[in-house]
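K.L.:
Before I ask anything, let me first share the structure, which is written out below as C-alpha cells.
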Amino acid sequence: MIRLSVVIPAYNEEATIIEVLTEVRKQKIEGVEVEIVVIDDCSVDETRALVESHPELHDHFVSLPKNLGKGGAVQVGLRNATG
C-alpha cells in the first residue's frame, strides 16, 4: 500500500482547523493510506487545544515552541512524515 502524507501547517486557525482536518480525513483513495501531519506554529489562539482534543483527525501532531513561519513548519512536518 502507498502512504501519502498530508502536512498541514497551522497558525491561529481555530476558526477553521477542525473543518479542514475533517475534510482531509474523509478523503479515500483506493490503495493509498493517507497520513495527516499537523504542525502548530506557536499559535496564540486555541488551535493547539482543538487539534489535541481531536486525535482521530490526525496521525501526528507537533506543537512548535517558537514560530518558524510557514516554511519552517512545513520542514518540521516533512521530517515527521512517513509517507
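The values are calculated or read from the model by the stated rules, or taken from the named source; none is laboratory data. Keep in mind that what you see is a predicted model, and the values were worked out from it rather than measured. In this analysis, Cβ positions are derived from the backbone assuming ideal geometry, glycine residues included, and neighbour counts consider all displayed protein chains. Please note that ligands, DNA and RNA were not included when accessible areas were found on the heavy atoms of the full protein model with its side chains. Shrake-Rupley method; radii C 1.70, N 1.55, O 1.52, S 1.80 Å.
K.L.:
Could you grab the relative contact order for the chain? Cα pairs under 8 Å, six or more apart, rounded to a whole percent.
P.N.:
On the way: 149 pairs, mean separation 32.8, N = 83.
RCO, the chain: 39 percent.
K.L.:
Moving on to the next point. For a quick check: with amide H placed at 1.01 Å from N, whose amide H comes under 5 Å from Ile36's, ignoring anything fewer than 5 positions away on the same chain?
P.N.:
Those qualifying (amide H under 5 Å, at least 5 residues apart or on another chain) are Val6, Asp59, His60.
K.L.:
Mean residue ellipticity at 222 nm from the helices of the chain, using -39,500 (n - 2.57) per DSSP H segment of n ≥ 4 over the full residue count, to the nearest 500 deg cm²/dmol?
P.N.:
Details: 3 runs with 28 residues, N = 83.
Mean residue ellipticity, 222 nm, calculated: -9500 deg cm²/dmol.
K.L.:
Can you give me the accessible area per residue for the range 1-77, using a 1.4 Å probe, in Å²?
P.N.:
Heavy-atom accessible area per residue stands at 59 Å².
K.L.:
Across the range 29-36, in residue order, what do the Karplus-derived ³J(HN,Hα) couplings come to in whole Hz, using 6.51 cos²θ - 1.76 cosθ + 1.60 with θ = phi - 60° and x for Gly and Pro?
P.N.:
10, 4, x, 10, 9, 9, 10, 10
K.L.:
Give the long-range amide H neighbours of Gly83: residues separated by 5 or more places, or on another chain, with amide H under 5 Å away, using H modelled in the peptide plane at 1.01 Å from N.
P.N.:
Residues meeting the criterion, in which the H sits 1.01 Å from N, are Ser5.
K.L.:
With +1 on each Lys and Arg Cβ and -1 on each Asp and Glu Cβ, how big is the dipole of the chain about its Cα centre, in debye rounded to the nearest 20?
P.N.:
340 debye
K.L.:
Also, quick follow-up: Once phi is turned into θ = phi - 60°, what whole-Hz ³J(HN,Hα) does the Karplus curve with 6.51, -1.76 and 1.60 give for every residue of the range 41-57, x standing for Gly and Pro?
P.N.:
Going residue by residue, I get 8, 6, 4, 10, 10, 8, 3, 4, 4, 5, 5, 5, 7, 10, x, 6, 9 Hz, with x marking Gly and Pro.
K.L.:
Could you tally the net charge around Arg3, taking each other residue with its Cβ under 12 Å from the Cβ of Arg3, Lys/Arg +1 and Asp/Glu -1?
P.N.:
So the environment of Arg3 carries a net charge of -3.
K.L.:
Right, another one. Let me check the size of the chain from its C-alpha atoms; what are the radius of gyration and Dmax in Å?
P.N.:
12.3, 38
K.L.:
Kindly list the residues of the range 66-83 that lie in the label zone of Glu52, defined by a backbone N under 16 Å from the point 7 Å along the Cα-to-C-beta vector.
P.N.:
66
K.L.:
Separate question: Relative to the longest principal axis of the C-alpha atoms of the chain, give the angle of the C-alpha long axis of helix 69-80, reported between 0 and 90° and rounded to the nearest 10°.
P.N.:
Its long axis makes an angle of about 40 degrees.
K.L.:
Another one. Sorting check: for 24-37, 1-14, which peptide has the highest mean count of neighbouring beta carbons within 10 Å, and how do the rest follow? It would help to have the intermediate numbers written out before the result.
P.N.:
Details: 24-37: 12.8, 1-14: 16.4.
Highest mean packing first, the order is 1-14, 24-37.
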